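Where a number appears in this text, it was derived from the coordinates with a stated rule and is not lab data. Predicted model, so just to flag it, every value in this text is computed and none were measured.
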Amino acid sequence: EADGAAAAEAKPLTPEEEALRRNTDCVYFLASPLTCKKGNQCDFRHSEGARMNPRDCYYWLNGNCLNPKCSFRHPVILIFLYFPSLFTIRPLVISASNWHQ
Ligand SMILES: [Zn+2]
Ligand SMILES: [Zn+2]
């Protein structure tokens, strides 16, 4: 059975982690709004503004943008570095090329 998924679900996120995840761009939505099947149920951010905007959010990269309507990108890599536990839920393929400095 899906023991990996069950183990991940046994450990709930803290409200802080939850908020950060909700403000991280959904990589599926960024590819195309139709690619993410979860729609409003998605755990990650769906921002049409950010989808059209290739620039990363400066504040997000510094760990202090929690504006769900922010129209700059909130790449998932940041949350991965700060909260690696989030990625036990669903591993994502991340391109860090434009963030790595
Ligand atoms: Zn999504
Ligand atoms: Zn932002």
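Some observations on this one:
- Cut-off under 5 Å, modelled amide H: who pairs with residue 56 long-range: 73
- Segment residue 14-residue 40, extension gain: residue separation times 0.36 nm, minus the distance between their alpha carbons: 7.3 nm
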